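Student: This is the structure, below, for whatever I ask next.
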Amino acid sequence: MRIITAGVALAALMFAMPVAKAADPIVLKFSHVVAENTPKGQMANKFKDLVAERLGGKVVVEVFPNAQLYGDNKVLEAMLLGDVHMAAPALSKFKKYTKSLQLFDLPFLFKNIEAVDRFQQSEAGQQLLLSMKKKGIIGLGYLHNGLKQLSASSPLRVPADAHGMKFRIMTSDVLAAQFEAVDALPVKKPFSEVFTLLQTRAIDGQENTWSNIYSKKFFEVQPYITHTDHGLIDYMVITSTEFWTDLPEDTRKELKAALDEAVAFGNKVALAKAESDKKLIMDSRRSEIIELSDDERAKWVEVMKPVWKKFESQIGKDLIDSAAASNAAS
Ligand code: LMR
């Protein structure tokens with residue numbers, strides 16, 4: 001009897017004692033809206049692999065592509081609540097948190113990705129990574145996707161061709177003003193809805209990069225794509241200030257190094273895909289690619305460029321000037 005009582009007591013003690021085990025890894029959820037075969041999709045997967053290789057056991061990265069976890073309209077709130085830890089929304093999607101990043105939506109601001117890169121790496125560009133710090137979000141770096149093209153249900157050669165057409169845009173007032181400048185109707189919608197909106201003809205067109213148009217099959221439901229290079233889709237890789245500063249310092253350093261490497265890889269993918277996905281679309285013959293003459297392109301520039309003046313007071317003239325100056329090769 002006494003032996004049984006002692007056994008029961010021992011078992012009770014064992015359950016009560018904390019069991020020594022290795023600390024659980026930090027789970028870092030990375031949410032994005034695009035396909036895996038895109039610059040952002042590949043960057044996120046590379047980051048996950050590098051972290052597994054270097055910080056295995058300490059940090060586990062879980063990547064959620066295709067808006068599986070959150071669309072870009074919800075991800076920032078989710079990040080502030082601690083439900084997701086990293087994301088890389090397009091620079092057009094931060095309007096609620098800062099006005100400065102509207103800069104990147106100004107039509108015909110950058111002539112190529114090299115110019116974008118020069119600006120992003122400049123002091124002014126790096127400062128912008130901290131423009132949402134007071135709101136609890138910090139930028140860890142920029143990632144390229146590429147220049148935007150216009151796709152539509154009828155051919156667009158000159159601005160008048162877009163009159164009265166409905167274009168899906170990201171949640172940016174600059175982009176709304178850009179389409180209003182050509183007497184078109186901008187419609188703010190999440191990326192995940194674009195294919196269906198195009199397919200059902202609820203909208204007539206949209207603007208995006210070659211890799212997004214290809215990977216989301218927009219070219220299968222848009223018979224014309226005009227090669228305009230009129231704007232930019234690049235990303236800011238963001239995290240919450242709270243999550244980032246709470247990490248042990250050595251872990252934070254290793255994560256940042258892995259991220260920088262993944263971004264460099266993603267940027268190479270972006271450059272390659274701007275060429276190869278355009279070619280895949282062309283070869284598919286599902287969509288005609290319209291190349292503009294210099295005169296036709298000048299007409300788009302002429303009607304869209306006044307948008308700069310409209311947003312100058314919100315963005316800051318100095319910032320616009322320094323971004324525009326990056327077009328001159330250093
Ligand atoms: C879009 O909404 O068109 C893009 O921001 C999607 C993306 O993340 O590239």
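Student: In which sequence would 326, 293 go, from the one with the fewest C-beta neighbours within 10 Å to the one with the most?
Tutor: Final ranking by Cβ density, sparse to dense: 293, 326.
Student: Now, a different point. How much FRET efficiency would the formula 1/(1 + (r/R0)^6) give for residue 202 and residue 257, where r is the Cβ-Cβ distance and R0 is 51 Å, rounded to 0.05?
Tutor: Efficiency, rounded to the nearest 0.05: 0.70.
Student: Between residue 130 and residue 285, how high is the FRET efficiency from 1/(1 + (r/R0)^6) when r is the Cβ-Cβ distance and R₀ = 41 Å? Nearest 0.05.
Tutor: Details: r = 47 Å, r/R0 = 1.14.
So the FRET efficiency works out to roughly 0.30.
Student: Roughly how big is region 62-148's charge dipole about its Cα centre, with Cβ charges of +1 (Lys, Arg) and -1 (Asp, Glu), in debye to the nearest 20?
Tutor: I would put it at about 360 debye.
Student: I would also like to ask the following. Collect residues whose amide H, placed 1.01 Å from N in the peptide plane, falls under 5 Å from the amide H of residue 108; neighbours closer than 5 in sequence don't count.
Tutor: Under 5 Å from the amide H of residue 108: 231.
Student: Angle check, please: helix 294-304 long axis (alpha carbons) against the longest principal axis of the chain (alpha carbons), in degrees 0 to 90, nearest 10.
Tutor: Value to nearest ten degrees: 60.
Student: Once the other residues with Cβ under 13 Å from the Cβ of residue 73 are scored (Lys, Arg +1; Asp, Glu -1), what is the net sum? Working shown, then result.
Tutor: Numbers: positive: 74, 93, 95, 96, 188, 189; negative: 72, 77, 193.
Net local charge, residue 73 excluded: +3.
Student: Then there is this: Report the calculated FRET efficiency for residue 158 and residue 81 (r = Cβ-Cβ distance, R0 = 51 Å), to the nearest 0.05.
Tutor: 0.65
Student: Taking amide H positions as placed in the peptide plane 1.01 Å from N, state which residues far from residue 137 in sequence (5 or more) or on other chains have amide H under 5 Å from it.
Tutor: Placed amide hydrogens put 241 under 5 Å from residue 137.
Student: Which of the peptides 25-31, 209-215, 82-88 is most tightly packed, and how do the rest follow, judged by the mean count of other Cβ atoms within 10 Å per residue?
Tutor: 209-215, 82-88, 25-31
Student: Cut-off is 10 Å between beta-carbons; in what order do 131, 276 appear when sorted fewest neighbours first?
Tutor: With the sparsest Cβ surroundings first, the list reads 276, 131.
Student: Now, a different point. Work out, step by step, the length gained on full extension between residue 245 and residue 122: first 0.36 nm times the residue separation, then minus their alpha carbon distance; give nm to one decimal.
Tutor: Taking 0.36 nm per residue and subtracting the Cα distance, the gain is 41.8 nm.
Student: Related question: Please report the net charge: other residues with Cβ closer than 10 Å to the Cβ of residue 269, K and R +1, D and E -1.
Tutor: Values: positive: 40, 46, 268, 273; negative: none.
Around residue 269, the surrounding residues sum to +4.
Student: Provide the net charge surrounding residue 63, with neighbours chosen by a C-beta distance below 14 Å and charges set as Lys +1, Arg +1, Asp -1, Glu -1.
Tutor: Overall, the nearby charge balance is +1.
Student: By counting other Cβ atoms within 10 Å of each Cβ, how are 170, 165 ranked from fewest to most?
Tutor: Listing 170, 165 from fewest to most nearby Cβ atoms yields 165, 170.
Student: Report, in degrees rounded to the nearest 10, the 0 to 90 angle that the Cα long axis of helix 39-55 makes with the longest principal axis of the chain.
Tutor: On a 0 to 90 degree scale, this one is about 20.
Student: Apply the a/c threshold of 1.5 to the C-alpha gyration tensor of region 23-329 and tell me whether it is rounded, prolate or oblate. Don't skip to the end; give the middle numbers.
Tutor: Values: a/c = 1.87, a/b = 1.50, b/c = 1.24.
It is prolate, given that a/c is not under 1.5 and a/b is the larger ratio.
Student: How large is the helix-only mean residue ellipticity at 222 nm for the chain, computed as the sum of -39500 (n - 2.57) over DSSP H runs with n ≥ 4, divided by its residue count, in deg cm²/dmol to the nearest 500?
Tutor: -13000 deg cm²/dmol
Student: Let me ask something additional. Normalising by the residue count of the chain, find the relative contact order in percent from Cα pairs under 8 Å and 6+ residues apart.
Tutor: Values: 579 pairs, mean separation 82.6, N = 330.
With pairs under 8 Å counted, the relative contact order is 25 percent.
Student: Now a separate question. Answer with one residue from 142, 152, 170: the one whose Cα lies farthest towards the positive end of the charge dipole of region 128-197, charges on Cβ with Lys, Arg +1 and Asp, Glu -1.
Tutor: 142
Readers should treat all values here as calculations from the given coordinates under stated rules, not as data from a laboratory. Everything numeric in this text was worked out from a predicted model, so none of it was measured. Don't worry about glycine lacking a Cβ; one is built from the backbone with ideal geometry, like all the others, and counts go over all protein chains shown.
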